[in-house]
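Here the structure comes first, spelled out in structure tokens, and everything after it is commentary.
The values are calculated or read from the model by the stated rules, or taken from the named source; none is laboratory data. Small disclaimer: the values here were computed from a predicted structure and weren't measured. Cβ sites come from the backbone with ideal geometry, for glycine too, and all protein chains shown count toward neighbours.
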Amino acid sequence: MTRRTLLAGAAAWPLSAAPGLPFQLSDVTASAGIQFRHNSGAYGAKYLPETLGPGCAFFDYDCDGWLDILLVNGTSWPGHTDRSTMRLYRNNRNGTFTDVTAGAGLAVEMYGMGVAIGDYNNDGFPDLLVTAVGQNRLFRNNGRGRFLDVTEKAGLGGRSAFSTSALWFDFDRDGFLDLLVCNYVKWSAAHDVFCSVDGKRKSYCTPEAYHGETCWLFRNRGDGTFEDVTAKSGIFDSTSKSLGVALLDYDRDGWPDLLIANDTQPNKLYRNLRNGTFEDVAVRAAVAFSEDGRARAGMGVDAADFDNSGIEGIAVTNFDNEMMALYRLGRDGTYSDAATAAGIGPASRSSLGFGCAFLDLDLDGRLDLVAVNGHIDETVRHIRGNVGYAQSPHLFLNAGNGTFRDVAAEAGGGFATPKVARGLAFGDYDRDGSPDLLLTTNQGPAFLYRNRQLSGNRGLRLHLTGTKSNRDAIGALARVFTPDGAQSRRVKSGSSYLSQSELTLTFGLGKRDSASRLVIEWPSGATQEFSHVKAGAYHCIEGRALTAE
Amino acid sequence: MSTYRSPTFRLLAGLSVTLTAVALYSGYTIAQLRGLERLQTGIVDRNRADSLLLLRIQNDLNSLGLTMRDMLDGSEPYRITAWRGQTRRIRTDLEDGLAREAAVSPLGRTSEQRTYLTDSMRQFWDALDRVFALSQNGQEAEACNLIRLSLQARQQALSTTVSRLLVQNNESEQQAAARIRQVYAGVTNNVYLFLAAMLVLILLTSVYLVHYNRRIFDEVAVLSARRSELAQQLISLQENSFASISRDLHDDFGQILTAVGAMLQRAGRHPSASDTLRTDLREVQEIVQATLDKVRMLSHALHPVVLDEIGFEGALEQYLPVFERQTGIEVRYRKTGEARELDHAVSIHLYRVLQEALNNIVRHSHARVAEVRIHYLPEAVVLEVEDQGIGFSNDPASGMGLVSMRERASLVSGRLELENGASGGARVRLTVPVAAQDVHA
């Protein structure tokens with residue numbers, strides 16, 4: 001434990017009392033043994049990628065039932081010696097973690113940005129796609145605690161770009177996970193552009209200074225190799241400057257669609273046409289632009305049934321003075337931005353948001369929204385007085401009446417302490433039934449926040465394993481019915497920003513001890529239904545009964 | 001009294017003129033506003049809407065330009081067909097923009113211009129389709145050549161055309177703005193004219209009303225003076241008549257009745273008269289005496305001879321005990337200053353005012369005590385009659401008695417004040433200046 005983390009932990013204790021909230025966060029980074037510092041490689045050249053990383057992930061790499069942690073890292077630019085790699089922390093099942101990076105074969109130097117976890121070869125062990133500035137890397141999990149770099153073998157080699165978020169999904173429903181990689185702009189150190197605020201010193205450029213770059217879609221052939229179908233599928237768009245991607249079923253036809261958040265360019269909503277191609281319907285669906293017709297600086301994105309209407313809404317984090325977007329889908333297939341009415345807009349006006357995720361922090365059956373913030377420019381306070389470089393994260397508690405309340409300052413654990421945050425993931429690492437939070441900061445530490453229920457709310461956790469569907473069941477939709485209503489949650493990779501949350505679904509049951517019905521719609525098209533499911537953790541293998549975990 | 005024509009007709013005529021002017025001006029303003037509205041919707045708004053759509057079209061054309069640049073720069077590992085989706089999106093927006101633009105294009109747009117734009121666009125899409133077809137067939141180099149030789153030139157020509165249309169719109173918008181400014185200037189001038197005309201009308205009406213009012217007031221003053229003169233003549237006539245009747249009663253009937261009384265007394269003393277006769281004569285004598293007393297009283301009432309004989313003060317001192325006896329109201333009399341002889345006319349009017357004031361006390365005040373004060377001041381004589389009754393009502397000046405008092409005061413150039421005293425009772429004060437005491441007869 002460093003002196004800094006010890007002090008931070010000690011300072012956080014008095015704040016951890018959170019009267020009125022049914023849950024409590026505590027900063028357990030230090031006690032969990034996570035000692036990480038992001039290396040953006042910044043040395044004064046002000047290269048654009050320095051401002052945007054890194055991502056993080058909760059996943060169970062050794063399949064022992066306990067979530068492990070991956071923290072992506074950048075590295076120094078050529079000619080500079082401060083080397084660094086991503087970090088893999090194995091869960092010791094007692095609240096602490098052990099750094100197993102080297103043993104797992106992940107001490108690979110690369111300018112890492114984000115991560116997407118998915119069992120692309122359906123062998124039961126989660127594999128790793130780490131996006132980077134340069135060559136992205138695909139690491140296959142050999143099931144014995146090691147990852148093998150199969151980038152070239154899988155056909156993903158020879159592709160250099162400024163990649164950001166990525167997402168695994170089975171767009172052709174063949175049972176194998178395909179890969180969507182977001183790319184930001186055409187950038188390389190050799191072709192860096194000089195931008196300046198004061199006309200003398202170099203500062204970070206805004207994305208307008210660079211050409212856009214298309215996202216990539218790689219189809220999994222099922223034999224461990226991928227085919228680039230970017231052009232063929234209609235995903236290709238050389239104007240995009242993509243940072244975040246979320247999986248959703250916009251038209252509710254059972255085929256996965258994609259929402260891609262673009263920075264200063266219109267967002268894209270790729271509707272799956274079920275024939276291997278996609279159609280961008282973002283303008284028609286009114287998510288391309290803000291309500292006043294501007295392309296905002298979209299960063300992170302998540303899609304979920306936050307109002308328990310059975311229809312997935314969308315949250316997008318944007319630049320400061322642009323407000324977050326909270327889209328609700330209308331009957332006519334168009335979204336409307338309800339951020340202002342929901343109270344999220346005004347609260348996020350001066351925040352520059354990155355990672356965002358819908359999750360049920362208090363297990364009351366309503367999805368809350370966490371968004372982490374931090375500016376890209378250290379000198380921002382000189383330019384805009386109301387905006388800081390380090391910014392408080394938002395923790396919007398869902399009131400259930402269409403409005404949200406930011407309770408970050410009451411959540412405890414120093415959660416609201418300003419940070420230059422980027423990545424955000426959630427997962428129940430301590431298996432107490434409540435989703436915990438993992439944050440990364442730019443050129444700073446990572447934060448692990450343990451979530452503890454105070455009011456006795458219970459949850460139903462569901463770990464799905466596909467047989468006919470992809471093994472991770474990514475794209476599966478589960479519905480839980482209680483006398484209070486129905487909740488629907490989707491198994492998804494991607495979402496947030498550069499990060500990956502656990503694939504296990506959490507349903508809040510409040511004070512109830514069971515759900516009357518549980519319906520699972522598998523990506524293969526199969527549906528399963530269970531009655532009277534008690535609170536607790538379950539595993540469901542496609543086509544088989546529920547088993548307690 | 002001269003007669004004047006009523007101003008109503010003239011005022012009504014003025015009002016009609018004003019209303020007609022307002023109506024005419026309102027009509028003019030509405031017509032101007034409608035003209036402005038037509039100008040605005042017909043040219044300015046339409047131009048603005050068209051310019052916005054032209055900007056949208058220009059933006060799409062620029063996107064096409066950038067897309068073609070990306071197609072040619074060879075940085076993507078994909079065939080040119082990869083851009084099919086991207087160009088389709090731009091085409092959808094462009095065609096929508098062109099259709100909307102055609103609907104709102106300014107009235108001055110020629111059909112040649114419209115045809116040129118649609119034909120050029122169609123040719124562009126045809127060429128783009130050929131580019132994709134070549135790429136589809138693996139002829140990437142030919143496709144790139146076609147972009148360079150044909151598509152980029154067409155895109156630039158289209159972009160120039162749209163720019164010219166935007167310039168045209170700007171020019172006609174500027175012309176419309178100049179016309180609008182003219183209309184505004186015209187309307188502003190007319191507003192000033194209208195305001196000036198209204199001011200002149202208001203001024204004329206005011207002058208007319210002031211002039212007419214002044215004439216009315218003069219007339220009223222003359223009428224008032226005449227009425228006052230008449231009243232004073234009436235009072236003088238009454239006093240003269242009363243004095244004459246009083247003298248007759250006192251001198252003639254008094255002498256006769258005194259003589260009759262003396263004769264009856266003498267007859268009663270005659271030795272031949274029987275006791276019965278004597279008794280009858282005594283009774284007749286008493287009746288004669290009573291008649292004489294009444295005649296004297298009547299004579300005194302009509303014109304207090306004592307005024308002529310012993311002056312105002314003496315008359316006052318005789319009258320007040322009689323008043324007390326007759327009415328039961330206690331009178332407290334006080335005199336200040338050095339008494340002096342008053343003019344006869346002044347005396348009679350002072351005496352009458354005093355009588356009237358005391359009679360008013362009997363009739364209205366419900367008072368049991370009255371105070372009479374006479375002050376001989378160097379410059380005036382002041383008579384005050386005050387009671388401790390209920391005082392004057394809100395309008396003490398009404399009633400014939402008070403009118404008569406006022407006129408009498410006026411006859412002696414005096415000032416009559418009617419007010420409530422400190423105790424709340426009524427107070428009548430008559431001030432007669434010294435100068436007046438020798439003037440009025």
TODO: Please go through the stretch B:288-339 and pick out each residue that is of a type in the set (V, I, T), part of a helix (DSSP H, G or I) and in contact (Cβ under 8 Å) with a residue 40 or more places away in the chain.
DONE: B:V295, B:V305
Open item on the list: For the stretch A:274-288, which positions are within 12 Å of another protein chain (Cβ to nearest Cβ) and outside any strand (DSSP E or B)?
Closed with: A:T277, A:V281, A:A282, A:V283, A:R284, A:A288
- [ ] State yes or no: is A:L503 assigned to a strand (DSSP E or B) and either crowded, with 18+ Cβ neighbours inside 10 Å or at pLDDT 95 or above (or both)?
- [x] no
- [ ] Considering each of B:S63, B:S111, B:S75 in turn, give the residue that is at pLDDT 90 or above and more than 60 Å from the chain's Cα centre (by Cα).
- [x] B:S63
Open item on the list: Of the conditions (1) farther than 26 Å from A:G423 by Cβ; (2) in contact (Cβ under 8 Å) with a residue 12 or more places away in the chain; (3) more than 14 Å from every other protein chain (Cβ to nearest Cβ), A:A339 satisfies every one except a single condition; which number is it?
Closed with: (1)
Task: Of residues in the stretch A:303-315 being of a type outside the set (G, A, S) and not in a strand (DSSP E or B), the one nearest to the other protein chains (Cβ to nearest Cβ) - done: A:E312
TODO: For A:V245, indicate whether it is surrounded by 23 or more Cβ atoms within 10 Å (Cβ to Cβ) and within 30 Å of A:R90 (Cα to Cα).
DONE: yes
Task: Qualifying positions in the stretch A:388-424 - surrounded by 19 or more Cβ atoms within 10 Å (Cβ to Cβ) and within 25 Å of A:N39 (Cβ to Cβ) - done: A:G388, A:Q391, A:S392, A:P393, A:G414, A:F415, A:K419, A:V420, A:A421, A:R422, A:G423, A:L424
Open item on the list: Among the residues in the stretch B:365-377, are any within 15 Å of B:R429 (Cβ to Cβ) and in a loop (DSSP other than H, G, I, E, B)?
Closed with: yes
Task: Conditions (1) over 20 Å from B:E371 (Cβ atoms); (2) modelled with pLDDT under 85; (3) touching a helix residue (DSSP H, G or I) at 6+ places or on another chain (Cβ under 6 Å); number of the one not met by B:V434 - done: (3)
Task: Given (1) within 19 Å of A:R331 (Cα to Cα); (2) of a type in the set (D, E, K, R); (3) in a loop (DSSP other than H, G, I, E, B), index of the condition A:R271 fails - done: (3)
Open item on the list: Pairs please, first residue from the stretch A:534-549 and surrounded by 13 or more Cβ atoms within 10 Å (Cβ to Cβ), second anywhere and among the basic types (K, R) and part of a loop (DSSP other than H, G, I, E, B), Cβ atoms under 8 Å, 6+ apart in sequence or on different chains.
Closed with: A:A535/A:R512; A:A537/A:R431; A:E542/A:K468; A:G543/A:K468
Open item on the list: Yes or no: the stretch B:89-102 includes at least one residue that is away from chain A (no Cβ under 14 Å), β-branched (V, I, T) and surrounded by fewer than 19 Cβ atoms within 10 Å (Cβ to Cβ).
Closed with: no
- [ ] For B:N213, state whether it is surrounded by fewer than 16 Cβ atoms within 10 Å (Cβ to Cβ) and within 31 Å of the chain's Cα centre (by Cα).
- [x] yes
Open item on the list: Regarding the stretch A:377-389, can at least one residue be identified that is aliphatic (A, V, I, L, M), assigned to a loop (DSSP other than H, G, I, E, B) and more than 21 Å from the chain's Cα centre (by Cα)?
Closed with: yes
Task: Subset of the stretch A:184-206 [without any contact (Cβ under 8 Å) to a residue 60 or more places away in the chain and within 26 Å of the chain's Cα centre (by Cα)] - done: A:K186, A:S188, A:T206
TODO: Would you confirm whether any residue within the stretch B:37-59 is surrounded by 17 or more Cβ atoms within 10 Å (Cβ to Cβ), more than 30 Å from A:L156 (Cβ to Cβ) and within 12 Å of chain A (Cβ to nearest Cβ)?
DONE: yes
- [ ] For residues that are assigned to a loop (DSSP other than H, G, I, E, B) and at pLDDT 90 or above, scanning just the stretch A:291-302, find the one that is nearest to A:F358 (Cα to Cα).
- [x] A:G300
Open item on the list: Quick check on my filter: what residues within the stretch B:393-408 are at pLDDT 70 or above, hydrophobic (A, V, I, L, M, F, W, C) and surrounded by fewer than 20 Cβ atoms within 10 Å (Cβ to Cβ)?
Closed with: B:L402, B:V403
TODO: Tell me which residues, restricted to the stretch A:220-237, are away from chain B (no Cβ under 14 Å) and assigned to a loop (DSSP other than H, G, I, E, B).
DONE: A:R221, A:G222, A:D223, A:G224, A:T225
Task: Within the stretch A:238-258, considering residues that are touching a residue at least 40 places away in the same chain (Cβ under 8 Å), out of contact with any Cys (no Cβ under 7 Å at 6 or more places or on another chain) and under 26 Å from A:R221 (Cβ atoms), the one farthest from the other protein chains (Cβ to nearest Cβ) - done: A:G254
Task: Residue in the stretch B:72-86 that is nearest to the other protein chains (Cβ to nearest Cβ), counting only those that are farther than 14 Å from A:K232 by Cα and part of a helix (DSSP H, G or I) - done: B:D73
Task: Single residue of B:L195, B:L149 found to be loosely packed, with under 12 Cβ neighbours inside 10 Å and under 25 Å from B:L33 (Cβ atoms) - done: B:L195
TODO: State yes or no: is B:L33 modelled with pLDDT under 85, among the aliphatic types (A, V, I, L, M) and loosely packed, with under 14 Cβ neighbours inside 10 Å?
DONE: yes
Open item on the list: Can you tell me which of (1) part of a helix (DSSP H, G or I); (2) away from every other protein chain (no Cβ under 14 Å) is the one B:P106 doesn't meet?
Closed with: (1)
- [ ] Those residues that are in contact (Cβ under 8 Å) with a residue 60 or more places away in the chain and not in a strand (DSSP E or B), I need them from the stretch A:70-92; list them, please.
- [x] A:V72, A:W77, A:P78
